[in-house]
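Quick notes on the structure that follows.
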There are 2 protein chains.
Amino acid sequence: MSEIPYKIYLAENEIPSKWYNVRADMKNKPAPLVNPGTGEAMKAEDLFPVFCEELCRQELDNETPYIDIPQEIQDFYKMYRPSPLVRAYCLEKFLDTPAHIYYKFEGNNTSGSHKLNSAIAQAYYAKKQGLKGVTTETGAGQWGTALSMACAYFGLDLQVFMVKVSYEQKPFRREVMRTYGAKVTPSPSMDTNIGRAINEQFPGTTGSLGCAISEAVEAATSQEGYRYVLGSVLNQVLLHQSVIGLETKAALDKVGVKADMIIGCAGGGSNLGGLISPFVGQMLRGEADYEIIAVEPASCPSLTRGSYVYDFCDTGKVCPLAKMYTLGSGYIPAPNHAGGLRYHGMSPIISQLYDDKLITARSVKQTDVFEAAETFARVEGILPAPESSHAIRVAIDEALKCKETGEEKNIVFGLTGTGYFDLVAYQQYNDGTMEDYVPTDEEIAKSLAQCPKI
Amino acid sequence: MSEIPYKIYLAENEIPSKWYNVRADMKNKPAPLVNPGTGEAMKAEDLFPVFCEELCRQELDNETPYIDIPQEIQDFYKMYRPSPLVRAYCLEKFLDTPAHIYYKFEGNNTSGSHKLNSAIAQAYYAKKQGLKGVTTETGAGQWGTALSMACAYFGLDLQVFMVKVSYEQKPFRREVMRTYGAKVTPSPSMDTNIGRAINEQFPGTTGSLGCAISEAVEAATSQEGYRYVLGSVLNQVLLHQSVIGLETKAALDKVGVKADMIIGCAGGGSNLGGLISPFVGQMLRGEADYEIIAVEPASCPSLTRGSYVYDFCDTGKVCPLAKMYTLGSGYIPAPNHAGGLRYHGMSPIISQLYDDKLITARSVKQTDVFEAAETFARVEGILPAPESSHAIRVAIDEALKCKETGEEKNIVFGLTGTGYFDLVAYQQYNDGTMEDYVPTDEEIAKSLAQCPKI
C-alpha cells in the first residue's frame, strides 16, 4: 500500500475562494468577441442586453489574475466540492504500467458533470442583478440539468429550450430539469418568432442546437428581467471552471506529486480550460512545464483539423463572432456520433493557447473511446460519460507507452462526468453496432467556406 | 459558519476493517432459517449447494461480534468509501428547523446505492471458493448492477435473470450490467426448466421477481462451479452493510455529535440493518439510547401491518423459510406503486429487533415521499432514489415537529442511493399522474393466509 490514498480529498476550507483568470498571464490574449454587423470588438455595454452585467465584465477582463468567489457560491460549492482527485491504482495494475495515473472526478453531483461549477456562478450573478430568470438551450441536457439545479437553489426562473429530438427521445434529463422546477420547451417551439418561423418553413423538424440557441436568446431579450446564459466556450465559463484545476493542483501539492502530463477532453473547452488553467499559468510565468493534451472526437476535430478564424458561436448566427479554431458554424457531426463533444468551435482561450503551442491536441475515434470507457468502468468502478472517456482513451494510451519505455510519468486527466444518461450509446457499443465517422477534407473545407470574412 | 463541515469524511484508514455482527449482542436471536420440507433449522451444510460456504457460515453465526473484512474487499471499498456523512445545512435552513439533520450518502458509486457493500463481499467469497461464477435475479436492476461491478472486479462470471418487463421497459440498467460483462437474461427464459414451464403455462408473461429467483437458483445448482447470491434480507447481507453504520458512528464521534434519532428506509432491510447495527449494539449493551424508525411504503407495509411468522423468502417457494414480518410471499404491491421497497417480508434481524421494540416503524404514501424527494433535490442538490426518499419524508416530518417544539434534535438518516434510473416515477409525479395505494385489511389477510403453518 502506497502512502498516497485512493482518493485525495481537500478539506472544506481548502476549496478555492478565488477563481484564477489565466488570461491575466497570457502574453497573447484571446481575441475579442466581435459584432458581426460592424466588425468591431464588443464592449461590456454591447453585451448587457443579452448577458448579466457582472458576467459581461468577467468575459472581457483580461487583466485580473484572481477574482473572488462570492460567499453564496462558495457555500453551494460545499455541497459537492471539493471533488476527489483519485489515484487510479486499479487501472495502473490492470495496464501493468509504471505510470502513476490520477483523475479529477467531477461527476459526483446530480448534474453528473462539471457544468454545475459555472451554472451556480451564472445563476448567482443573475439573481444579484435582480433578474426574474434566465434562458438557455440544451442538447442532451447536461447543461440544462446543472442550470436547473443552480436556479432552484437561488429561486430563479429558468426556461430551457431543448432540441426537440432530445426532448422526445431522451426524456430522463428533461424530467430531472422539471423536478428542479425548470420550464422545458421542445425547440423549435411556437413561443418565439424564430421558432414559429422555423416550424412554418420546416414542418415536422426535430430541431437543432443552433435553433434552440436562437430561441433562448430571443426569449431572454424579449422578456423583462431575463438574460441568456451559456455553459461553455465563453471566457467567463472557463474562469468559473478554474476551480477544477485549482483543486487538482492543491491536491497534487498536498501529496507532493508533480504532474508530467495533463489530459482533458475538449468540446467547447470549458472542462479542459478549467482543469489546465493554473498549470498553464505556471508555464506562462516560466515556473514549470507540463505536456498538455486536448482530446477531441475524430468526428468533430476543431483543433486538429479546423481553422483559427472568426466564426459565429452558434448555427443560428445570432451571437457575436469569436476567433477560434472552428469547423464552420454549420458543421454538424454525423448522426452516428454518440460520443458528445459536438461543438463546431473551440473556446477562444484554448484556441489561443493551442495556437501558441502551449497545449497539443489529439483526435480519437468513438469505438476506441468506448473501449477505454468500458475498461475504465470495469476496473475503476465508475461508468464514465462518453465525453470524459476521450481523456481516458489518451491516458490509457500514454500509460501503455510508459509500459514500453519504463517511464514513471505522473499522468493526470479530467473525468468530467458520469454516463448514466448515455446508455443508448453504451448499448450501441455493447451490441457492436457503433460506427466511427471521420469527415473528409472536402466536407470540412465546404463548411469552413461559410465562415464570415473578417 | 458552524464548525461542522457540510461533508464529514473519514480518512481512508478509518474505513472499517471489521464488520459488526449485531446478532452477537442480541438477547433474542433472529429465528433460524427452516427447511420447508422437514421443518428443521437449516445447518451450514444444508445451504452449501445453493450459497458460498463462507457466506453460509456468516449467515448462521450469531456469536462473533466482529468479523474481519478481507484485505481485497477493503481495497475495493477504498474506490468509493468512506462515503460522506452530510450535514444538511440547506435543508435545515429551508425547513427553518432547530433540528440538526445529517445523512449518510451511499449513492456515490456507479451502482447508485449501498448494494455494492455486500455485492463485493459475496463476489469475493465466491472467487475465493474457486467458483466460476454466480447467479442472481434483479427487478429494476440496482442489485444486478452492483453485483456486475463486483464480479467484473474479481473476474467472475455473472448470470442475471431480470424480470422480463423491466428488461424490456427499463433497458438502461440492463446496459450498465452488460457493460460490466454480465449476461442478462429476461425472465422467464428458455434456459431453465422452471422458465420453460412458466413460458408454456403462461404464454406472453412478463415475469415476476419470484420466477426470476427460481430461475437463478436453478441455474446456480444445475451448473458446475456456480452458486446463487442475494442482495438483501439475509443476515450475511446485513453484516456486510454494517460498514454504513460503523462509518456513520465514527463520523458522528469525530465531530462530537450524539444522534437522537436514526431513520432508514426498509424494503428487505439491508440498508436499515447496516445503518443502525452499531447503534442498536449500544442499546443492547445498555450504553446509549436512540429512537430508531424504519420507514416503509404504505403500499407494502410488512412491519406496520404484517404478521411475524415463518414464510417463504421468495414467491416461487424454492428458498428456505424465514421467520419475519411478512405480508405473505404472494403479496405484490399494486402496479401503480413506483417507489421501490416492494419486498413482501422483512429481514429476520430487523423483524426480531422490531418485535423486541428496539426499533419503531412508520409507513408513508408515495406521493408524500416524492414531495419530500423533490424538496430534498432542490435544496440539497442530490436527486434521491425513491427508496431513500421514504427516509427523507420522515426526517422532514420529524424536523418540522422540532420546529414546533423548539427541540434541537440530531436527526440522522440513510440516503441509500440516487434516482437517476427512476425518472419514469419522477415523471409521473411531475405530471401529477402518480397515485397512492394502500391495501385493504382483507387483501393482507388473504395473502397472509397462504403462509406455511409452522
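The values are calculated or read from the model by the stated rules, or taken from the named source; none is laboratory data. What you are looking at is a predicted structure, and each value in this text was computed from that prediction instead of being measured. Note that each Cβ is placed from the backbone with ideal geometry, even for glycine, and that neighbours are counted across all protein chains shown. Remember, those area values only see protein heavy atoms, side chains included, never the ligands or the DNA or RNA. Shrake-Rupley method; radii C 1.70, N 1.55, O 1.52, S 1.80 Å.
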Original post:
Would you say B:V50 is open to solvent by 30 Å² or more (accessible area, probe 1.4 Å) and either of a type in the set (V, I, T) or touching a Phe, Trp or Tyr at 6+ places or on another chain (Cβ under 9 Å) (or both)?
Top reply: yes
**OP:** Scan the range B:438-454 residue by residue and report those that are open to solvent by 50 Å² or more (accessible area, probe 1.4 Å) and not in a helix (DSSP H, G or I).
**Re:** B:V438, B:T440, B:A449, B:Q450, B:K453, B:I454
Subject >> Members of the range A:137-152 that are crowded, with 24+ Cβ neighbours inside 10 Å and over 15 Å from the mean Cα position of the chain (by Cα) >> reply: A:S148, A:M149, A:A150, A:C151
Original post:
Which fully enclosed strands (runs of 3 or more DSSP E) of the range A:71-146 have 1 or more residues being assigned by TED's automatic domain parsing to the domain that holds A:V176?
Top reply: A:133-138
Original post:
What tally of residues in the range B:362-371 results from selecting those that are open to solvent by less than 40 Å² (accessible area, probe 1.4 Å) and part of a helix (DSSP H, G or I)?
Top reply: 4
Original post:
Taking B:D422 and the conditions (1) within 14 Å of another protein chain (Cβ to nearest Cβ); (2) surrounded by fewer than 21 Cβ atoms within 10 Å (Cβ to Cβ), which numbered condition does it fall short on, given that it satisfies the others?
Top reply: (2)
Original post:
When you go through (1) within 14 Å of chain B (Cβ to nearest Cβ); (2) open to solvent by 20 Å² or more (accessible area, probe 1.4 Å); (3) in contact with an Asp or Glu (Cβ under 8 Å, 6 or more places away or on another chain) one by one for A:L10, which number turns out not to apply?
Top reply: (2)
Original post:
When you scan the range B:314-337, how many residues do you find that are of a type in the set (D, E, K, R) and either in contact with a Leu (Cβ under 7 Å, 6 or more places away or on another chain) or open to solvent by 10 Å² or more (accessible area, probe 1.4 Å) (or both)?
Top reply: 2
**OP:** Output the qualifying pairs, or none if there are none: Cβ atoms under 8 angstrom, residues six or more apart or on different chains, first residue in the range A:432-454 and not assigned by TED's automatic domain parsing to the domain that holds A:V309, second residue exposed (fewer than 13 other Cβ atoms within 10 Å of the Cβ).
**Re:** A:I454/A:G39
**OP:** Please state which one of B:Y102, B:Y66 is without any contact (Cβ under 8 Å) to a residue 60 or more places away in the chain and under 22 Å from B:A251 (Cα atoms).
**Re:** B:Y66
Subject >> Hits in the range A:372-394 - residues which are closer than 16 Å to A:D422 by Cα and either surrounded by fewer than 17 Cβ atoms within 10 Å (Cβ to Cβ) or of a type in the set (A, V, I, L, M, F, W, C) (or both) >> reply: A:A372, A:A373, A:F376, A:A377, A:I382, A:L383, A:A385
Original post:
Is it the case that B:D397 is among the charged types (D, E, K, R), within 21 Å of the chain's Cα centre (by Cα) and either at pLDDT below 95 or surrounded by 13 or more Cβ atoms within 10 Å (Cβ to Cβ) (or both)?
Top reply: no
Original post:
In this structure, does B:V217 turn out to be modelled with pLDDT under 95, in a helix (DSSP H, G or I) and surrounded by 23 or more Cβ atoms within 10 Å (Cβ to Cβ)?
Top reply: yes
Original post:
Looking at A:C56, is it modelled with pLDDT of 95 or more and assigned by TED's automatic domain parsing to the domain that holds A:R285?
Top reply: no
**OP:** Just name the residue that is farthest from the chain's Cα centre (by Cα) out of those in the range A:227-259 that are outside any loop (DSSP other than H, G, I, E, B) and surrounded by fewer than 19 Cβ atoms within 10 Å (Cβ to Cβ).
**Re:** A:K254
Subject >> Single residue of the range A:425-435 satisfying the filter (within 9 Å of chain B (Cβ to nearest Cβ) and polar (S, T, N, Q)) that is least open to solvent (accessible area, probe 1.4 Å) >> reply: A:N430
**OP:** All but one of (1) touching a Ser or Thr at 6+ places or on another chain (Cβ under 9 Å); (2) more than 27 Å from B:A150 (Cβ to Cβ) hold for A:D355, so report the exception by its number.
**Re:** (1)
Original post:
Say we look at the range A:18-31 and pick out the residues that are in contact with a strand residue (DSSP E or B) (Cβ under 7 Å, 6 or more places away or on another chain) and in a loop (DSSP other than H, G, I, E, B); which of these is nearest to A:N117 (Cα to Cα)?
Top reply: A:N21
Subject >> Boolean, B:H337 is within 18 Å of the chain's Cα centre (by Cα), farther than 28 Å from B:E218 by Cα and in contact (Cβ under 8 Å) with a residue 24 or more places away in the chain >> reply: yes
Subject >> Residue under evaluation B:S113, criteria (1) in contact with a strand residue (DSSP E or B) (Cβ under 9 Å, 6 or more places away or on another chain); (2) within 14 Å of another protein chain (Cβ to nearest Cβ); (3) open to solvent by 20 Å² or more (accessible area, probe 1.4 Å); (4) not charged (D, E, K, R), criterion not met >> reply: (3)
Subject >> Test: B:R87 is within 14 Å of chain A (Cβ to nearest Cβ) and surrounded by 23 or more Cβ atoms within 10 Å (Cβ to Cβ) >> reply: no
Original post:
Hey, any hits in the range A:350-361 for a residue that's over 19 Å from A:G306 (Cα atoms), part of a loop (DSSP other than H, G, I, E, B) and either open to solvent by 10 Å² or more (accessible area, probe 1.4 Å) or within 12 Å of another protein chain (Cβ to nearest Cβ) (or both)?
Top reply: no
Original post:
A:M162 fails exactly one of the following numbered conditions: (1) buried (at least 24 other Cβ atoms within 10 Å of the Cβ); (2) more than 14 Å from A:P186 (Cβ to Cβ). What is the number of that condition?
Top reply: (2)
Subject >> Residue within the range A:198-214 that is part of a helix (DSSP H, G or I), among the aliphatic types (A, V, I, L, M) and within 26 Å of A:K401 (Cα to Cα) present >> reply: no
Original post:
Across the range B:179-201, which residue is nearest to B:A150 (Cα to Cα) among those that are without any contact (Cβ under 8 Å) to a residue 12 or more places away in the chain and open to solvent by 40 Å² or more (accessible area, probe 1.4 Å)?
Top reply: B:M190
Subject >> Residues of the range A:32-63 classified as part of a strand (DSSP E or B) and touching a residue at least 24 places away in the same chain (Cβ under 8 Å), total >> reply: 1
